[in-house]
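Structure record follows, encoded as structure tokens.
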Amino acid sequence: MAESVRRVLGKPGSVDVRPYTKLLKAIDEREPALRELSDAELTERAAELGNAEGPYDRADLAELCAVGREAARRALGERPFDVQLVGVMALLDGHVAEMATGEGKTLAGALAAAGFALRGRRVHVLSVNDYLARRDAEWMRPLYDLLGVAVAWIGQESTREERSVAYSADITYASVSELGFDVLRDRLVTDVADRVVPEPDVALIDEADSVLVDEARVPLVLAGAAEAAEADLEMAELVRSLRPRIHYEVDGEGRNVQLTESGIDLVERELGGIDLYSEDDTSVLPRVNLALHAHALLQRDVHYVVRDGEVRLINESRGRIALLQRWPDGLQAAVEAKEKVAVSETGEILDSITVQALVLRYPTRCGMTGTAMAVAEQLREFYELEVAVVPPNKPCVRVDEADRLYATPEDKEDALIEEVATVHATGRPILIGTQDVAESERLAKRLADAGLECVVLNAKNDADEAAVIAEAGTYGAITVSTQMAGRGTDIRLGGSDMADRERVVETGGLYVMGYGRYPSSRLDDQLRGRAGRQGDPGSSIFFVSVEDDLIAANAPEARGADVTADGEITDPAWRSTVNHAQRVAEGQLLELHRNTWRYNQLIDVQRGVVLEHRQAVLAEGLGDRQLAVDCAGTHADLVEEVGEEEVARAAKLITLYHLDRGWTDHNAFLADLREGIHLRFLGRRNPLDEFHRDAVPAFKGFLDEARARAAETFEALEPVDGRLDVAVAGVKRPHTTWTYMVHEHPFSTEFETVVGRVRGALSRG
Amino acid sequence: MLGAFVRAFRTPDLRNKLLFTLFILTIYRLGSVIPAPGINPDAIRQCLQGAQTEDTTGLYSLVNLFSGGALLQLAIFALGIMPYITASIILNLLTVVIPRLEALKKEGQAGQAKITQYTRYLTVALALLQSTSIIAMARTGQLFQGACPPSSYMPSEDLLTLITIVFVMTAGTCVIMWFGELITERGVGNGMSLLIFTTVVAVFPSSMARIWSEQSPWIFAIICVAGLVLIAGVVFMEQAQRRIPVQYAKRMVGRRMYGGSSTYIPLKVNQAGVIPVIFASSLLYLPQLAIGLLGQDSDNPVVDFLSTYFGPTGTHPVYMASFFALIVGFAFFYVAITFNPAEVADNMKKYGGFIPGIRPGRPTAEYLDFVLTRLTTPGALYLGLIALLPMLALGASGASGNFPFGGTSILIMVGVGLDTVKQIESHLQQRNYEGFLR
């Protein structure tokens, strides 16, 4: 009852933090006694908390916070503020704690993780990138040592053995993608001992809104080598002779390329007068399209490099060679043909997992972030998480100025540079947030031309950039940064050692400037939150042009504003247009998230069926038992010849192979189905229902079919020297795997955009 | 089909959803027969019997259809969902006119929620208006075309009673609106459509009973069979579609080839649904309105002309012919504005899709246009025929105006029924159960 009243009165999705604040007094009272203890005795006190089971009661909670505070004071030289302890308690209750930037989320998270670990729970702390996982784990290690819990971290370069060791620690720090890929790889093992990720228990998510909302739209995909492809030199040669705009056209974003009429004519003539779009033979067209894609959309040294006779991808968002990434579905081979290097094996998607499914595996979930309230409803809808708003330690005095609106990007840039010059003259540190890497580099060049030296950060190297952004509060500093860059690092006024603090405070603190609004107000707030840490002075302002992508794409009807001489728009109606455009973008992102979720629900059910079966084969010898029934004769003969154990081993490998093979094929089918499902909308059908209608029958008999194929393969086994070589019978395992995230997937059909467009066309009528 | 329902009832959460839906629909029907305070139910029943023989194709047929007969009983749910439907239509139209609403609509879920809120406010306003006018008509006896004196069914005429009735009816509409949302949220299918479905179906038993008592058993049997055949025919036509295969040729897919069988554009034979019929009926209602305004007995040649050809019985060949022509015209019009072959072709081309045997771009657009026209022709004719059926039956048999299978009712019934079944099926399939429809 009280709950429902609170729901009605309070903001939706938030929990009451008053019960936590009431405990603060009790925690304070324990402090003097704890100060007297030796380090060993403190560790002892912490260990005593593990004697009880289950969630903490109030007395234990106070004890934990008091011990944790004392441990942090000794180990890190930082005595946690009251509000940090409130955050700890909210986390232990499985909420998302909203704590402003600079309030010490990392420490609060660490104390909560230790709290879970002391009660025998296994905690995975998920962060947004490898650098933060390592930094936080190492930073908090003395604290964990003092509290008597083991901590470890995982990075991209960790070996299988290192991972296995790290996952066995009480608390493991890892980036979401590393964890996801480990889970995916574990699904393909043929031996129980090869698994690295333990049973999920507690997930503590740093930057919860980024991970749970922004990243949740992007499935993690694991691909494996399927078979050697043939080089399609003929096509590579053919497309080389095509000319842009005459024979093919590339769309604005450079994501799609199509042949024109005359291009089709030319290709058909060159290939001996065939019909590319013939009903009977459609095998040529994909080859042409792949070659064309490789030729027209992928540029050497921008998208890939050729090194040691191999094509290596460049990770666009980071500008580095991506170790384990390749293009899927024949594109890699097409690029290799284009560069005339040896063609490697083609890859195919083995399995995928969404961040949502990954996080929902954990029975206990909690997290912390600076901006959670804006997505509170999504967190509740998709993750059953409530938000606890933790008040700041010192009230925030940052001044958020109203947006400055301009007609064209040029006017906006001119005004911004002028503003930077004015402010910089006072010595006040400036942080400029940009939308993407290209924009930040262009802006930096213009600033340099104007004689304003600046540092550029664009998420290419997390570790170096963390060091750079920590200095963004130095007197006279100008820093240009993308949204992703330098996350999780505080900007202290006067530099990381705060040596020069007084002088910077006098200038007015950090001045945050947004070079255009982000697609969601939450991201705007994250940028603003860079200033005004711990009651510091500071201000923020956004420079917006009505030709920015955000507004041009989401409020296309807005045109023709009255401008002043320097191109500024003062009409207040335009301010609401900008907000409107942002809300449209937010709505679309939510729809995207929901769609990913909806389409994956059924796939998750089917995957669950396969995984359960696989587990039985892997651990309980189900494959052997089935084959002993299905191929009774052969099975008995083989047992006679090579012994029970060897037959069981072969039976397991064969059964697993066909299960995985079948699942990969089914996945390909689902991807294919999903690609064109939006067309059903044209027939007044609900695409999601249609997806189910087709996907369910396709899965029917999946297990039986895999079993039948296994039996077939098993019959063909021939013992050699008392061993059974399953490879001879056609069982191949992908010996290399690689990974990619779907937003780097070159074939994304942008399903939702298509539906949106189709729907728009329909409703216009 | 029945087996699938049994399976649906065996799935616990689906069973709960179905039971919940049935529960709400039952309350809805109950409220449609409970008279509003201050109304004498016995007298109403007598009045109804008296008025029954009178013409029922006029003003109230459509309104009464959407209230399931509750209107003429002056029940607490007398207004039905009509105010809500009207409000949604008005707001939909307004989004085109008012920029602020259009802006809201684009903002996705949050904006849509606001528009829904406005729709609710408008519903309340419309309900107040409608209930007031109904009470006014009831007081003067117009409601039953003067078949019985108002004092018999509305014994008390003091202001408080009248206000109470207005408020009760308005509140009734709000409750119905809430019911609809509850069903959508926690039950099966679209709540509003299901409520319409229920009201349309609700008049069946009484009409059938009337035919049974008034006509010979033979005619009753013939009507029953004809009705079933008609429903089967409509189901068949509503399901009919032409699948145009589409292939995406941007990548090499796995070793198994799916032959593009799963990717296609389904073009329905009746792409426009029931909308052309509703448009045509409302347009043809205008002459009747004109007659009413100009006065029935005047010697005005216009009135004379109108009442001869477009009179309220609607059985004159000219009326039927124009009705048919309008429906066919609207069907083509609707398809033309909602399906733009050039846009679809462009979109497919952009993402590497093509129809096997047809080049992308303009040839594809032309092909789609060709197929669509060929498909819409029989679709539009079918729609016109279905809508004309009751009138034809009326003219042919002379079996008084109570053939229950009106074209509009059947189209609505089948449409909503199919949608709901499909949704149940989708629920079932997520749990790996057999489907309903194949």
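Please go through segment A:407-445 and give me each residue that is hydroxyl-bearing (Ser, Thr, Tyr) and at pLDDT below 90, ordered by number. If you could, list the steps in order and put the result at the bottom.
Filtering segment A:407-445 for residues hydroxyl-bearing (Ser, Thr, Tyr) gives A:408, A:422, A:426, A:434, A:440.
Across segment A:407-445, the qualifying residues are A:Thr408, A:Thr434, A:Ser440.
Taking the conditions (1) part of a loop (DSSP other than H, G, I, E, B); (2) modelled with pLDDT of 80 or more in turn, A:Pro328 satisfies each one other than (2). Restricting segment A:704-733 to residues that are among the small types (Gly, Ala, Ser) and outside any helix (DSSP H, G or I) leaves a set whose member that is surrounded by the most Cβ atoms within 10 Å (Cβ to Cβ) is A:Ala729.
Against the numbered list (1) under 17 Å from B:Ala249 (Cβ atoms); (2) outside any helix (DSSP H, G or I), A:Val306 comes up short only at (1).
What are the residues in segment A:483-513 that are of a type in the set (Asp, Glu) and under 30 Å from A:Asp214 (Cβ atoms), if any?
Within segment A:483-513, the first condition is being of a type in the set (Asp, Glu), and the residues that meet it are A:490, A:497, A:500, A:502, A:506.
The one that is of a type in the set (Asp, Glu) and under 30 Å from A:Asp214 (Cβ atoms): A:Asp490.
Let's see how each residue does on (1) under 30 Å from A:Arg575 (Cα atoms); (2) at pLDDT 85 or above; (3) within 24 Å of the chain's Cα centre (by Cα); (4) assigned to a helix (DSSP H, G or I):
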{"residue": "B:Phe66", "(1), (2), (3), (4)": "no, no, yes, yes"}
{"residue": "B:Leu71", "(1), (2), (3), (4)": "no, no, yes, no"}
{"residue": "B:Thr86", "(1), (2), (3), (4)": "no, no, yes, yes"}
{"residue": "B:Leu94", "(1), (2), (3), (4)": "yes, no, yes, yes"}
{"residue": "B:Lys114", "(1), (2), (3), (4)": "yes, yes, no, yes"}
{"residue": "B:Tyr121", "(1), (2), (3), (4)": "yes, yes, yes, yes"}
{"residue": "B:Ala125", "(1), (2), (3), (4)": "no, yes, yes, yes"}
{"residue": "B:Gln130", "(1), (2), (3), (4)": "no, no, yes, yes"}
{"residue": "B:Ala136", "(1), (2), (3), (4)": "no, no, no, yes"}
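Give, as residue ranges, the strands (runs of 3 or more DSSP E) completely inside segment A:389-500 that count at least 1 residues that are closer than 29 Å to A:Gly109 by Cβ and polar (S, T, N, Q). Full working, then the answer.
Numbers: elements: A:404-406, A:430-434, A:455-457, A:478-482.
Qualifying strands (runs of 3 or more DSSP E): A:430-434, A:478-482.
Residues satisfying the criterion are absent from segment B:177-185 (criterion: crowded, with 20+ Cβ neighbours inside 10 Å and touching a strand residue (DSSP E or B) at 6+ places or on another chain (Cβ under 9 Å)).
Is segment B:385-398 home to any residue that is part of a loop (DSSP other than H, G, I, E, B), modelled with pLDDT under 70 and either more than 19 Å from the chain's Cα centre (by Cα) or polar (S, T, N, Q) (or both)? Looking for residues that are part of a loop (DSSP other than H, G, I, E, B), modelled with pLDDT under 70 and either more than 19 Å from the chain's Cα centre (by Cα) or polar (S, T, N, Q) (or both), one finds at least one in segment B:385-398, hence yes. With respect to A:Phe699, determine if the residue is farther than 19 Å from A:Leu659 by Cα and either modelled with pLDDT of 80 or more or at the interface with chain B (Cβ under 10 Å from one of its Cβ atoms) (or both). No: the conditions fail for A:Phe699.
The set of residues in segment B:99-142 that are more than 14 Å from every other protein chain (Cβ to nearest Cβ), surrounded by 15 or more Cβ atoms within 10 Å (Cβ to Cβ) and farther than 21 Å from B:Thr173 by Cα contains only B:Gly141.
Got a sec? Which of A:Ala650, A:Ala668, A:Ala636 is part of a helix (DSSP H, G or I), farther than 28 Å from A:Leu184 by Cα and small (Gly, Ala, Ser)?
On the way: A:Ala650 fails: farther than 28 Å from A:Leu184 by Cα; A:Ala668 fails: farther than 28 Å from A:Leu184 by Cα.
The conditions single out A:Ala636.
Scanning segment A:520-551 for residues that are without any contact (Cβ under 8 Å) to a residue 60 or more places away in the chain and within 14 Å of another protein chain (Cβ to nearest Cβ), we see that the one that is nearest to the chain's Cα centre (by Cα) is A:Leu550. Restricted to segment A:570-593, and to residues there that are surrounded by fewer than 17 Cβ atoms within 10 Å (Cβ to Cβ) and in a helix (DSSP H, G or I), the residue that is nearest to the other protein chains (Cβ to nearest Cβ) is A:Glu591.
Would you mind finding the one in A:Arg693, A:Arg680, A:Arg684, A:Arg661 that is in contact with a Ser or Thr (Cβ under 8 Å, 6 or more places away or on another chain), within 14 Å of chain B (Cβ to nearest Cβ) and without any contact (Cβ under 8 Å) to a residue 60 or more places away in the chain?
Numbers: A:Arg680 fails: in contact with a Ser or Thr (Cβ under 8 Å, 6 or more places away or on another chain); A:Arg684 fails: in contact with a Ser or Thr (Cβ under 8 Å, 6 or more places away or on another chain); A:Arg661 fails: in contact with a Ser or Thr (Cβ under 8 Å, 6 or more places away or on another chain).
Result of the check over A:Arg693, A:Arg680, A:Arg684, A:Arg661: A:Arg693.
Considering only residues that are assigned to a loop (DSSP other than H, G, I, E, B), among the β-branched types (Val, Ile, Thr) and within 12 Å of chain B (Cβ to nearest Cβ), look in segment A:249-300 and name the one that is surrounded by the fewest Cβ atoms within 10 Å (Cβ to Cβ). If you could, list the steps in order and put the result at the bottom.
Within segment A:249-300, the first condition is being assigned to a loop (DSSP other than H, G, I, E, B), and the residues that meet it are A:251-256, A:260, A:271-283, A:297-299.
Remaining after also requiring among the β-branched types (Val, Ile, Thr): A:260, A:274, A:282.
Those left that are additionally within 12 Å of chain B (Cβ to nearest Cβ): A:260, A:282.
On the way: A:Thr260: 16, A:Thr282: 19.
Across segment A:249-300, the extreme among qualifying residues is A:Thr260.
Being at positive phi and at pLDDT 80 or above narrows it down to one residue among A:Gly273, A:Gly254, A:Gly263; which is it? Reasoning before the result, please.
Numbers: A:Gly254 fails: at pLDDT 80 or above; A:Gly263 fails: at positive phi.
So the residue among A:Gly273, A:Gly254, A:Gly263 that is at positive phi and at pLDDT 80 or above is A:Gly273.
Every condition in (1) within 30 Å of A:Arg594 (Cβ to Cβ); (2) out of contact with any strand residue (DSSP E or B) (no Cβ under 7 Å at 6 or more places or on another chain) is met by A:Leu276 except one, and the failing one is (1).
Of the listed requirements (1) touching a helix residue (DSSP H, G or I) at 6+ places or on another chain (Cβ under 7 Å); (2) closer than 25 Å to A:Ala388 by Cα; (3) not in a loop (DSSP other than H, G, I, E, B), A:Arg35 misses just one: (2). Here A:Glu53 fulfils each of the conditions (1) surrounded by 13 or more Cβ atoms within 10 Å (Cβ to Cβ); (2) in contact (Cβ under 8 Å) with a residue 40 or more places away in the chain apart from (1).
The values are calculated or read from the model by the stated rules, or taken from the named source; none is laboratory data. Everything numeric here is computed off the predicted structure, so don't read it as measured data. We place every Cβ from the backbone using ideal geometry, glycine too, and count neighbours over all the protein chains shown.
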